[in-house]
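The values are calculated or read from the model by the stated rules, or taken from the named source; none is laboratory data. Remember, it's a predicted structure, so these values are computed and weren't measured experimentally. Every residue, glycine among them, receives a Cβ derived from its backbone with ideal geometry; neighbour counts consider all protein chains shown. Each accessible area value is taken on the protein alone, full model and side chains, heavy atoms only, with ligands, DNA and RNA left out. Shrake-Rupley method; radii C 1.70, N 1.55, O 1.52, S 1.80 Å.
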Amino acid sequence: MFANYHTHTARCYHATGEDKAYVEAAIQNGFQVLGFSDHCPWFFSDGYVSPIRMTPDELDGYVTSLTALKKEYAADITIYIGLESEYVPEMLPEQRGIYTGKPTDNAAELKHYVDQVIAGMETGNYLYLAHPDLFHFIGDPALYEQEFRRLCVYLKEKQIPIEINQLGLADHRQYPNPAFLKIAESVGNTAIIGCDAHHPSALLDTDSQQACKKLAEQYHLPLVEVFPQLSR
């Protein structure tokens, strides 16, 4: 792999490893670009503290640490600093909603998911859509086809690749979903591999990376190695 834009840090409390270890693992495995995208911190007026994301007061340290690594390893790798962020406008800045990875046969929730994803991408604040097939719909297959085709058509029109998520594949999660990939194939989407690294070793997992590439080949999804929107 030339680039990975989906990398977490220990600040999200469900990843491990020092920031530098992620960078060095990426360099060791021949990456030229590493994008950090740890979970975005959110403010909750009721004092709620999320167990799966950095706290607001950790954000400065996140940026400071990665900026220093960006300079230290400038000759070896290009580092980008970003965030994995949900888009739930009615809950901003208090971002708390359902986890779409839980099985559901609720047709309204499926439609709402696709509507929200498209609305979020329309803001221009997102580079691409992480694990687009995270939504675990177990209802009518025809409805799944209808809604995710709508999403795939939108992504193709905006020249946004679908992500083939390495973590989901390695952990045998419900994504990458063959049904979704088949829809993307018929629409003619491109794809990008996202390591979704929660430990430096994920960046060294060439077996899973090759398996992701094979999925892209199987479903005739041309792989995008690097985003032209990002200048080196």
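Checking each residue in region 91-115 for being at pLDDT 90 or above and touching a Gly at 6+ places or on another chain (Cβ under 9 Å) picks out Thr104, Asp105, Asn106, Ala107, Leu110. Which of the residues spanning region 1-19 are assigned to a helix (DSSP H, G or I) and closer than 18 Å to Tyr73 by Cα? Once the filter is applied, which keeps residues that are assigned to a helix (DSSP H, G or I) and closer than 18 Å to Tyr73 by Cα, region 1-19 yields only Asp19. The set of residues in region 66-88 that are part of a helix (DSSP H, G or I) and either closer than 25 Å to Glu163 by Cβ or open to solvent by 60 Å² or more (accessible area, probe 1.4 Å) (or both) comprises Leu66, Leu69, Lys70, Lys71, Glu72. Taken over region 36-57, the residue count meeting the criterion of being free of Cβ contacts under 8 Å to residues at least 60 places away in the same chain and surrounded by 15 or more Cβ atoms within 10 Å (Cβ to Cβ) is 9.
Examine region 14-29 for a residue that is under 17 Å from the mean Cα position of the chain (by Cα), at pLDDT 95 or above and surrounded by fewer than 20 Cβ atoms within 10 Å (Cβ to Cβ), and state whether such a residue exists. Looking for residues that are under 17 Å from the mean Cα position of the chain (by Cα), at pLDDT 95 or above and surrounded by fewer than 20 Cβ atoms within 10 Å (Cβ to Cβ), one finds at least one in region 14-29, hence yes.
Close contacts from region 205-232, counting a first residue that is among the aromatic types (Phe, Trp, Tyr) and a second that is at pLDDT 95 or above, with Cβ to Cβ under 6 Å and a gap of 6+ residues or different chains, come to Tyr219/Leu181; Tyr219/Glu185. Among the residues of region 209-232, which ones are open to solvent by less than 20 Å² (accessible area, probe 1.4 Å) and either of a type in the set (Ser, Thr, Tyr) or modelled with pLDDT of 95 or more (or both)? Once the filter is applied, which keeps residues that are open to solvent by less than 20 Å² (accessible area, probe 1.4 Å) and either of a type in the set (Ser, Thr, Tyr) or modelled with pLDDT of 95 or more (or both), region 209-232 yields Gln209, Cys212, Ala216, Leu221. Name the residues in region 149-202 that are part of a helix (DSSP H, G or I) and among the acidic types (Asp, Glu), would you? The answer is Glu157, Glu185. Residues in region 116-138 that are of a type in the set (A, V, I, L, M) and more than 13 Å from Glu86 (Cβ to Cβ) were compared, and the one that is modelled with the lowest pLDDT is Leu127.
Being among the aliphatic types (A, V, I, L, M), within 18 Å of the chain's Cα centre (by Cα) and open to solvent by less than 40 Å² (accessible area, probe 1.4 Å) is the requirement here; does Ala119 meet it? Taking the combined requirement at face value, the residue satisfies it.
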